[in-house]
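Notes for the one structure printed next.
The values are calculated or read from the model by the stated rules, or taken from the named source; none is laboratory data. Just so you know, these numbers come straight off a predicted model, no measurement behind them. All Cβ positions, glycine included, derive from the backbone under ideal geometry; neighbour counts span all protein chains shown. To get the accessible areas, we keep the full protein, side chains included, count just its heavy atoms, and leave off ligands, DNA and RNA. Shrake-Rupley method; radii C 1.70, N 1.55, O 1.52, S 1.80 Å.
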Amino acid sequence: MSKQQFDPEKISDFLTEQRDEAAAEVQPVFLDFEDFWERKLWHQLTEKLLEYFTSKESAEQRLALYNKFILSFADKINQLKLVKLALSAATQIEGEFVAGFCDVAALTVTTDDEDRATFLESLQKRVNKPESEEAHTYATTELAGVYLRLDEEDKAREQLDTAQTTLDKFDFVENIVHASFYRVNAEYYQSKSDFTSYYRNSLLYLACVNESELSAKEKQQRAYNLALAALVSDQIYNFGELLLHPILDALKPPHTQSWLRDLLFAFNRGDLATFDRLSNNLSKNEILQSHRVFLYQKISLAALTELVFKRPPHDRAMTFQTISHETKVKPNEIEHLLMKALSLGLLRGKIDQVDQVAKINWVQPKVLERSQIEGMRQRLKEWDSNVNDLGHWIEDQGKDVWAA
């Protein structure tokens, strides 16, 4: 990429103009900009710019500062921070902001995603250097996000695969880069209705960001989408990580979708009664409505695993009739239910089809609610009592032996 020439005198005049236009309380910042720039203190200048760009007062000046000032020393600063500044400046571009724009000599204010993709492609080329692979990966994932908006999913996947290959080589990467990758990757899988992959990438994204960085609306949307993906995924039967994540608090009452959070917890404890009570809400979402039969099968599996979990290990041989009575699943569905649970790895054991008895020796661990923990406490108390009784019996039966 050819370097654009900048006139130092014009830059000085530009900073003076920007200082005069700024609010009185932030005008001294521009004196710092000019001082650091003249003394070529690039690190201090970069940090000062990043700090200023996070303030609301900078909103109207970010884009101009980026194009007419920052680009004059873009090759002299940390390239990842250059990308951060570019993205922050891009919030001034009219229309809905997409995190990821590039720097060009004459930045055009536009709302067209085609132009946004061109901008990002330019930024990607600018930071495509061996010493700035991290910044290049960041720009690449953001470019993939714009391609998704353009419905160019093949291009988006190509960019994400490139980013993944680079990320796999790193021992350490800034959280902001990983967060960008997982966020856009989740968006890609959401566009493909791949609920399992969306769920996993979205949780990884949340692990890379502070909850305080998300707006209330973003938290609610993310929580809603995660809950939806967890419910309809045919591979996720343990919601533990999501149930423990504070993101779900965004769906607490008085949120209109609080029933979805309640439904998740009902699935976790295999509560068919609560599922029946909340099932009228399924029609509020097209995806849930279309998976209504599957959801019934899924919570039936949850009810089965909960039944096994509640029983002590020595009492896990159950008749089909017992399973049907305690889980409320129809008797003619029990055998198929058991086979499904075994095939999914939710349970381990054997089925006696002749006597219609299931002998279970293992159940998949899961996150416990307070009531489930209380149940475990009661079982531990019973176990402790049984051990004591056994000890007393042995003592009574072996008095002569102990005396000898």
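Could you estimate the translational diffusion coefficient of region 179-247 from the Stokes-Einstein equation, with Rh from the Kirkwood formula over C-alpha pairs, at 37 °C and 0.692 mPa s, in whole µm²/s? Please list the in-between numbers first.
Values: Rh = 11.9 Å.
In µm²/s, the coefficient rounds to 275.
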Worksheet item: What Kirkwood radius, in Å to one decimal, follows from the Cα pairs of the chain?
Response: 25.6
Worksheet item: Under the rule of -39500 (n - 2.57) per DSSP H run of 4 or more residues, summed and divided by the residues of the chain, what mean residue ellipticity at 222 nm is obtained, to the nearest 500 deg cm²/dmol?
Response: -19000 deg cm²/dmol
Worksheet item: TRP362's amide H: which non-local residues (gap 5+, or another chain) put their own amide H closer than 5 Å, with H modeled 1.01 Å from N in plane and none for Pro or chain starts?
Response: ARG348
Item to complete: Pairs to check: LYS328/LYS350; LYS217/LYS252; LYS76/LYS125; LYS76/LYS169. Give those whose C-alpha atoms are more than 19 Å from each other in this structure.
Response: LYS328/LYS350; LYS76/LYS169
Response to the item:
If every Lys and Arg gets +1 and every Asp and Glu gets -1 at its Cβ, then about the Cα centre region 1-93 yields a dipole, in debye to the nearest 20, of 520
Worksheet item: If the label point is 7 Å along Cα→Cβ of GLN353, which residues in region 300-342 have backbone nitrogen under 18 Å from it?
Response: 319-321, 331-342
Item to complete: Could you rank the peptides 159-165, 325-331 by their average count of other C-beta atoms within 10 Å per residue, with the highest value first?
Response: 159-165, 325-331
Item to complete: Report the extension gain between LEU278 and HIS43 in nm, rounded to one decimal, defined as 0.36 nm multiplied by the number of residues separating them, less their alpha carbon distance.
Response: 79.0 nm
Worksheet entry | Whole-Å distance, taken between Cα centres, linking region 188-204 and region 244-282 | 20
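For the chain, with all protein chains present and a 1.4 Å probe, just round the carbon and sulfur fraction of the accessible area to a whole percent.
48
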Worksheet item: With charges set only on the Cβ (+1 for Lys and Arg, -1 for Asp and Glu), what does the dipole of the chain come to about its Cα centre, in debye to the nearest 20?
Response: 1520
Item to complete: Calculate how steeply helix 79-89 sits against the longest principal axis of the alpha-carbon atoms of the chain, using the helix alpha-carbon long axis, and give the answer as 0 to 90 degrees to the nearest 10.
Response: 80
Worksheet item: Can you work out ³J(HN,Hα) from phi for every residue in region 310-323, in order, using Karplus 6.51 cos²θ - 1.76 cosθ + 1.60 and θ = phi - 60°, giving whole Hz and x for Gly and Pro?
Response: 5, 8, x, x, 7, 10, 10, 9, 10, 6, 4, 5, 5, 4
Worksheet item: For region 246-300, what is Rg from Cα atoms divided by 2.2 N^0.38 Å, rounded to two decimals?
Response: 1.09
